[in-house]
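All of the numbers you see were taken from the coordinates with simple rules; none came from a lab. All values derive from a computational prediction rather than experimental measurement. All Cβ positions, glycine included, derive from the backbone under ideal geometry; neighbour counts span all protein chains shown.
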Amino acid sequence: MGYTIVQKIIKDHLLSGEMKAGCEIGLRIDQTLTQDATGTMAYLQLEAMEIERVKTELSVAYIDHNTLQSGFENADDHRYIQTVAKKHGVRFSRPGNGICHQVHLERFGAPGKTLIGSDSHTPTAGGIGMLGMGAGGLDVAVAMGGGAYYITMPKNIKVELVGKLSDYVGAKDVILEVLRQLGVKGGVGAVIEYAGEGVRSLSVPQRATITNMGAELGATSSIFPSDDATLAFLRAQGREDAFKPLAPDADAVYDECYTVDLSALRPLAACPHSPDNVKSVSDLAGMKIDQVCIGSCTNSSLADMLTVAKMLKGKTVHPDVSLSISPGSKQVYTMLAECGALADMIAAGARILECACGPCIGMGFSPKSAGVSLRTFNRNFLARSGTADASVYLVSPEVAAASAIAGVFTDPTTLGKAPEVALPEKFTVNDNLIELPASPEEAKSLTVERGPNIKPIPKGEAPAEDLSCKLILKVGDNITTDHIMPAGAKILPYRSNVPKLSEYCFTVCDKDFPERARREGGGVILGGANYGQGSSREHAALVPLYLGIKAVISKSFARIHMANLINFGIVPMTLANEDDYDKISEGDDIAIEGFAEAIRGKDSATLVDKTNGARVPLVLTLSARQREILLAGGTLNYTKQKG
């Protein structure tokens, strides 16, 4: 039996475990990336492990999230990351150089390599044939220190692409169709591998849009073959030496197979408040809109921007619509300026934002009250835009541009022939905003600068033998990390200050939660299915740890969040019977019998509801390594114990 692409890469990087479904495996990591919303914690953790020099082939620290500097906090974090990166052997991408995933694709991504990043959209790199995975900052710090990255051996899902995209139908429509078929939980425990003759018609930026939003499927990663299109992209970047052909064996076996006919696709939109709530744009046509945002790590490539510029040229944005455009990188921004496309955007009335994540994470450009916002982004979770009652729709750049002009939801296929966009054979390459680290000898004399907003990392503790507390919070299905630890311009500056950040924990669901958690001294949280989906932000585990949360019980967990809970000593447990969810109420006094004993070696435990007498069986699906981490009170303690 032959290997899939993912199996080939895993085989080449396997450090421990067996390549059998459900087994925990440890992988050698070639490259890492961090961004500034998660990076400060990652580097504090690297320092806490007393790692003098990173041991990966390449590690890059990007500044792209917290770029709105309305106070000293973000600027202080940037300076900390810049100085700690220089000292410890990490390249530093300065503010303005671009969004981490776009820049990494352009300048560092390589077929067949492994990459983990402290951002859930790191699988963007799969567009170039790289196994990219989102991870918590602590996992990234461990990898930078030379440690393995642990995952459950994923199953393989093949998506066969046939046909060719029609005019005004884009890569965004491809991934929205996959989301429509599989849903936000359809990729859990799997890597999505794209195959078929339709792949050849897609450029690397188009492929990267598709792999980027594999995160919304809950997938461990997504990947495309490395072929002639990959070589052309790398050659345009002056990096053809990084090319490596990569394809599955003819007799490779997949766990599940789906088909998407590219020629049959029409423009799609993800409706509020989930990326898998997909409808046809033609069904939404005529709906009044208030705002359009084009950009983010999903759709900010040169090809996307040139398409938008051609559609806007000679036109004016509707007077009732506010349009923002965020180029994905300095390279893209520069080339738009050089060819005149930027002028066409400005002339049409677009507001050009910096090369950063911006509105995607609620960092500015929030919609008006109850506004309808069309965004080429990857997530439309409730309140993520910064406006709690806004309705956010995820669309392609083509739909976004057409709708911005019309003032209503518009199907661009009704506009006639699409503009032709020709990409240059060579891209403008200027890496002057990527700082190289100091040499090991120079690094000895360097000082890392820390601002007053940077606070110590909360530390976990070994679990008590028996746990008695309150069920401090009960939430429903598909709770995202945005629910647990919101983003936005008001909150993001405190990402390096967990005590302050704790004031906002779960306030999207329950504004009284932080105070209640402090008053009760913590407790246990009960969640529904797919608990912790979305961002890789480890703050969604760090802050509950600070507030005294000892365990989280749910119907099921999202992969990255479950790993983050374990990293910080919070025990993830699932209900043996999902119907038991209704037997426990928020505020009940509960006990978990033999709590530490269960962590030490059992696969089950029992929750006793002291308020109503119910007995609820729980399941602990943990590897031996994860049990050791929890017994140590988290990965930092475990790492120190192991030396």
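Using mean Cβ contacts within 10 Å as the protection proxy, how do 23-30, 420-427, 246-253 order, highest first?
Listed from highest to lowest mean packing, they are 23-30, 246-253, 420-427.
Expressed as an acute angle from 0 to 90° and rounded to the nearest 10, what is the orientation of the C-alpha long axis of helix 171-182 relative to the principal long axis of the chain?
40 degrees
Mind ranking 237-245, 275-283, 143-151 by how tightly packed they are, going by the mean number of other C-beta atoms within 10 angstrom, highest first?
Peptide ranking by packing, descending: 143-151, 275-283, 237-245.
Give the long-range amide H neighbours of MET153: residues separated by 5 or more places, or on another chain, with amide H under 5 Å away, using H modelled in the peptide plane at 1.01 Å from N.
Here GLY22, CYS23, GLU24, ILE25 satisfy the definition.
Among bridges DSSP assigns within region 5-263, what percent are antiparallel (round to 5)?
Antiparallel bridges: around 20 percent, rounded to the nearest 5.
Of the listed peptides 609-621, 477-489, 459-471, what is their order by residue-averaged count of other C-beta atoms within 10 Å, with the highest listed first?
477-489, 459-471, 609-621
Could you pull out the pairs from LYS490/LYS511; LYS459/LYS642; LYS86/LYS640; LYS20/LYS155 whose alpha carbons sit more than 20 Å apart here?
Violating the 20 Å Cα-Cα cut-off are LYS86/LYS640.
Hey, with R₀ at 56 Å, roughly what FRET efficiency would ALA624 and ALA370 work out to, going by the Cβ-Cβ distance, to 0.05?
The pair ALA624/ALA370 has a calculated efficiency of 0.65.
Anything over 21 Å Cα to Cα? Flag those among LYS368/LYS474; LYS172/LYS315; LYS164/LYS313; LYS172/LYS279; LYS55/LYS426, in the order listed.
Checking Cα-Cα distances, LYS368/LYS474; LYS172/LYS315; LYS164/LYS313; LYS55/LYS426 exceed 21 Å.
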